[in-house]
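Just so it is clear, none of the values below were taken in a lab; they were calculated from the coordinates. All values reported here derive from a predicted model rather than from experimental measurement. FYI the Cβ positions are ideal-geometry reconstructions off the backbone, even for glycines, and counts take in every protein chain you see.
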Amino acid sequence: MSAAGSNLTTSTVVIERADFPCLLDALKTSRYKVIGPKLANGAVVYDELASAAELPAGWTEEQRPGLYRLNRRPDEALFGYTVGPDSWKKFFHPATAVLWQATKNAIGFNVSAPAIQTQRLALLGVRACDLHAISILDSVFAQGTFSDPIWTTLRKNTFVIAVNCVEPGNTCFCTSMKTGPRASFGFDLALTEVVEPDRHYFVVVAGTNRGTALLDKVPHRAARQDENDCAEALLANAVNKMSRKLDTAGLKELLYRNHEHPRWDSVAARCLSCANCTMVCPTCFCTTVDDTSDLSGRQAARVRRWDSCFTLGFSFIHGGSVRASVRARYRQWLTHKFATWLEQFGAFGCVGCGRCITWCPVGIDVTEEIEAIQQTDGIKPRKEVK
Amino acid sequence: MMETKTLEQLLAESDFFRDLDPAYRQMLAGCGRNVVFKPGEYMFQEGEPAHEFHLIRKGKVALQIKVPGRGPVTLQTVQDGDVVGWAWLVPPHKRQYDARALELTRAVAFDGLCIRSKCEQDPKLGYEFFKRFALVMAARLSAMRLQLLDLYANP
Amino acid sequence: MQIRSGSSQNIAMPAPADPMLAQPWCVCRIVRETDDTFTLELKPQNRSGQMNFKPGQFNMLYVFGVGEIPISISGDPTQPRILLHTTREVGAVTRAMRQLKPGDVIGVRGPFGTAWPVDESEGADILIVAGGIGLAPLRPALYRILSRRDLYGRVVLLYGARTPADMLYRRELEGWRARFDLEVYATVDRAMSGWRGNVGVVTTLIPRAPFDPSSAVAFVCGPEVMMRFTVDELLKRGVQPHAIYLSLERNMKCGIGLCGHCQLGPLFVCKDGPVLRYDKLADWLQKWEA
């Protein structure tokens with residue numbers, strides 16, 4: 001799954017900008033609901049696309065720690081941004097879901113689970129980091145001792161069109177996490193958008209037979225060498241322009257042995273435990289359940305909803321919360337993403353998408369926090385821990 | 001003397017004196033004598049002058065404090081192999097609690113004044129002795145702390 | 001005799017098709033154990049129902065319209081048609097449970113989690129150290145061991161309770177004490193007048209407990225502080241870290257490793273535990289607020 005190698009064994013084709021809407025048409029004809037990037041509430045979000053005209057053509061994002069702005073581009077690129085506050089997890093791991101309903105009867109109560117509505121989604125514009133994130137959640141929800149029927153049902157029949165990033169966002173660090181910028185797996189089609197003064201086209205590679213079949217419905221031709229070279233150059237350029245870096249060598253052991261590092265106090269002084277990071281993170285999966293009943297007491301339901309380890313109640317057992325301090329909760333989140341996740345699922349939980357950095361109201365940057373610990377590895381706290 | 005020899009063997013088997021130089025053991029045995037307490041009998045009581053400590057051979061002893069309105073409250077019990085009493089080491093050498101046998105208890109009572117004077121004469125003996133006593137008190141203190149935490153209380 | 005130190009933990013029995021769906025069980029009776037602790041006795045709603053569980057496993061118990069909590073199974077694994085759970089009254093759900101009447105229905109999901117390694121420990125001396133309500137998840141292990149008693153060496157139970165009145169399963173304890181093939185030592189943190197037994201924390205019973213540390217397996221359950229100090233004493237006596245098993249407790253919402261709440265470091269207490277081998281727990285137990 002290396003992001004570095006190019007797909008020399010699979011032939012690339014070119015779709016002209018003018019023919020791009022045919023891609024969505026072909027998807028709709030094949031009964032897919034197309035989900036892709038759109039502008040809403042001042043951000044690029046993922047929502048149903050009626051047509052290619054709804055894509056944020058000519059828009060880009062400015063992202064920094066704690067800052068997100070939409071800006072106009074000098075060109076009309078369809079995918080000239082990276083990732084916004086949405087991630088694709090909301091389509092397979094909904095923010096709220098009714099698990100079951102129960103009704104009292106003569107001998108007790110009976111429980112029934114609502115049928116999970118299958119869907120045929122075509123995800124358009126999935127970045128390489130997000131492909132990894134979806135795959136990571138597959139390993140959480142579909143490959144453990146118990147699997148989540150909601151995830152596995154909603155995930156079926158998903159058509160994925162990935163888009164290679166040619167301009168990394170300021171908060172991105174996918175190269176460090178080895179998750180991008182090139183999409184290398186998990187897609188039916190992968191596009192690299194090339195915008196030149198006199199031409200606008202997409203270099204496309206199919207990742208599955210299904211992808212190839214869809215291409216047949218869209219005007220395309222074999223890519224020329226110079227077009228391939230263009231796409232490759234853009235990708236190489238993206239790698240070079242990645243400004244945020246993280247050294248992941250020995251990261252798990254580093255975090256394990258620095259459990260009492262004073263940096264945790266420093267970040268705790270800034271962290272609001274607002275849980276934004278966990279909401280925007282494409283791999284955070286924690287949930288809670290609400291057991292409800294109606295006023296008559298005859299109907300009850302269990303609703304699952306997204307939860308965050310940043311809440312005080314998250315680790316509550318009789319007598320109090322195990323992680324009572326913000327310090328402990330921030331440390332839990334960071335250690336989970338960059339250390340314990342490795343033991344649990346065989347890979348880092350972080351894909352380097354940068355969302356947590358952008359959407360943190362106080363601009364906490366995970367790469368900066370980790371680097372601070374790396375540079376003072378093993379330092380003992382000078383003060384008493386609060 | 002017959003009694004001293006038996007005591008020496010006893011000390012050799014006890015955890016407290018086991019690794020002690022046999023010559024020291026012999027010396028300390030000379031300060032000890034066998035005692036027996038019947039169930040309910042007091043080994044010593046709060047306020048009494050403290051010039052002895054006991055090594056329990058067999059039995060169970062409750063360390064208690066009498067609380068008005070509650071009667072004698074047992075703080076801790078000790079049994080076979082345990083050492084009881086440290087007030088003999090520390091001025092003003094007065095017992096800080098009662099020690100009462102819960103069942104038939106056989107112990108060795110050591111003459112504190114005798115031991116203290118032997119330790120003064122031979123600091124090395126003193127060091128070995130206090131090393132062991134410190135361990136006993138540390139363990140007792142540790143256990144007391146856990147007891148104080150009241151871990152099984154309903155939160 | 002070999003303690004199979006490398007053996008894997010017992011995996012949870014396969015749960016029904018949707019592990020988030022509760023199965024109805026009937027309340028048989030509610031037995032008051034102490035002032036604040038009670039045992040829920042459940043039977044299946046239909047004649048053919050039963051729950052095959054391994055000692056140490058837990059169920060998620062649901063009270064209609066109130067909520068759901070994890071509770072260890074405290075009954076006899078050789079009696080799968082009677083399900084016992086001993087719990088303390090500490091919150092809304094347990095309070096509601098306490099008010100249930102025979103015939104009321106409770107939702108049950110499970111059994112989940114890892115089990116005490118009773119099979120892997122055949123041939124060893126078994127030391128069971130229970131603190132407070134920690135005796136409840138250990139009782140199924142003791143039942144199981146006693147049902148195949150000759151497969152084990154010495155079996156010793158050390159039990160620490162708050163006061164004599166807080167001791168669980170008092171009658172059963174006395175029955176166990178009367179056996180010739182089981183050694184039972186109990187102690188209380190706080191005596192009442194008339195108590196002539198041991199007073200002191202349960203760790204003080206370990207140095208003199210009659211077992212062979214080089215061929216013993218220890219099962220420990222109780223408040224985490226108690227377990228930490230118990231492990232210290234066991235290690236001091238020469239019990240190997242890979243021969244010590246603890247049962248942990250954490251906030252659980254799903255019980256099946258998907259909600260994330262029960263994590264302790266890399267371990268999901270609901271599926272990697274609740275019974276965990278001490279050497280695998282390693283430093284996580286020592287890390288404050290981990």
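Over region A:110-255, Cα pairs under 8 Å with separation of 6+ residues give a relative contact order of 25 percent.
About its Cα centre, region B:77-130 has a charge dipole of approximately 200 debye under the convention of +1 per Lys or Arg Cβ and -1 per Asp or Glu Cβ, with nothing else charged. For region A:146-278, the fraction of C-alpha pairs farther apart than 19 angstrom is 68 percent.
For the protein assembly as shown, build the charge dipole from Cβ charges (+1 Lys, Arg; -1 Asp, Glu) around the Cα centre, then report which of A:Trp341, A:Ala102, A:Cys172 sits farthest towards its positive end. Positive-end residue among those listed: A:Ala102. Looking at chain C alone, DSSP beta bridges between its own residues are antiparallel in about 60 percent of cases. Working from label points 7 Å from Cα in the Cα-to-Cβ sense, the A:Arg221 to B:Phe130 distance is 9.9 nm. Look at the alpha carbon pairs under 8 Å that are at least 6 residues apart: their mean separation over the length of region B:1-97 gives a relative contact order of 27 percent. For region A:269-311, what does the alpha-carbon gyration tensor say about shape, rounded, prolate or oblate, given a ≥ b ≥ c as the root eigenvalues, a/c under 1.5 as rounded, and a/b over b/c as prolate? Verdict is prolate for region A:269-311. If the Kirkwood radius is taken over C-alpha pairs of chain C, then at 37 °C and 0.692 mPa s the Stokes-Einstein diffusion coefficient equals 170 µm²/s. Within the shell defined by Cβ-Cβ distances under 15 Å, the residues around C:Gly175 carry a net charge of +1, with Lys and Arg each +1 and Asp and Glu each -1. With a cut-off of 11 Å between beta carbons, the residues surrounding A:Asn164 carry a summed charge of -1, where Lys and Arg count +1 and Asp and Glu -1. A prolate overall shape is assigned to region A:269-385, the ratio a/c of its alpha-carbon gyration tensor axes (a ≥ b ≥ c) being 1.5 or greater and a/b exceeding b/c.
Identify which of A:Cys129, A:Cys274, A:Cys360 has the largest mean-square fluctuation in a Gaussian network model of chain A, with springs joining Cα atoms closer than 10 Å. Checking each option, the largest mean-square fluctuation is seen for A:Cys274. Taken over the alpha carbons of chain A as equal point scatterers, the Debye sum produces base-10 log I(q)/I(0) values at 0.06, 0.07, 0.10 Å⁻¹ of -0.26, -0.36, -0.71.
Roughly how many debye, to the nearest 20, is the charge dipole of region A:330-386 about its Cα centre, given +1 on each Lys and Arg Cβ, -1 on each Asp and Glu Cβ, and no other charges?
Values: 7 positive and 7 negative charges, 51 e Å.
Roughly 240 debye for region A:330-386.
The modelled label-to-label distance for the pair C:Ser48/C:Leu146, using points 7 Å beyond Cα in the direction of Cβ, is 3.3 nm.
From the gyration tensor of the Cα coordinates in the protein assembly as shown, what semi-axes in whole Å does the equivalent ellipsoid have, largest first, with each one equal to sqrt(5λ)?
64, 32, 22
Have a look at C:Val63, C:Val90, C:Val220 and tell me which one the Gaussian network model of chain C (Cα, springs below 10 Å) gives the largest fluctuation. Of C:Val63, C:Val90, C:Val220, the Gaussian network model singles out C:Val90 as fluctuating most. Positive-end ranking of A:Ser325, A:Phe92, B:Gln96 along the dipole of the protein assembly as shown, with charges on Cβ about the Cα centre, is headed by B:Gln96.
In summary, the convex hull built on the alpha carbon positions of region B:42-155 has an orientation-averaged projected area of 8.4 nm².
Please state the relative contact order of chain C as a whole percent: Cα pairs under 8 Å, 6+ residues apart? For chain C, the relative contact order is 18 percent. With +1 assigned to the C-beta of every Lys and Arg and -1 to the C-beta of every Asp and Glu, and no other charges, what is the dipole magnitude of the protein assembly as shown about the Cα centre in debye, to the nearest 20? Using only the charged Cβ atoms, the result is roughly 1740 debye.
In terms of its C-alpha gyration tensor, region C:163-290 comes out prolate, because a/c is 1.5 or above and the ratio a/b outweighs b/c. Taking the square roots of 5 times each eigenvalue of the Cα gyration tensor of region C:223-264, largest first, gives ellipsoid semi-axes of 28, 11, 6 Å. Of all the options B:Met43, B:Met27, B:Met144, the one that moves most in a Gaussian network model of chain B with Cα springs shorter than 10 angstrom is B:Met144. Seen from A:Phe314, the other residues with C-beta closer than 9 Å to its C-beta sum to a net charge of +1, counting Lys and Arg as +1 and Asp and Glu as -1.
Helical content alone sets the calculated 222 nm signal of chain A at -7500 deg cm²/dmol, taking -39,500 (n - 2.57) per DSSP H segment of four or more residues and averaging over every residue. Of the residues C:Gly257, C:Ser193, C:Ile106, the one whose Cα sits farthest towards the positive end of the charge dipole of chain C is C:Ile106 (charges of +1 on Lys and Arg Cβ, -1 on Asp and Glu Cβ, taken about the Cα centre). Considering only DSSP beta bridges with both partners in the protein assembly as shown, what is the antiparallel share in %, to the nearest 5? Expressed as a percentage, antiparallel bridges in the protein assembly as shown total about 75.
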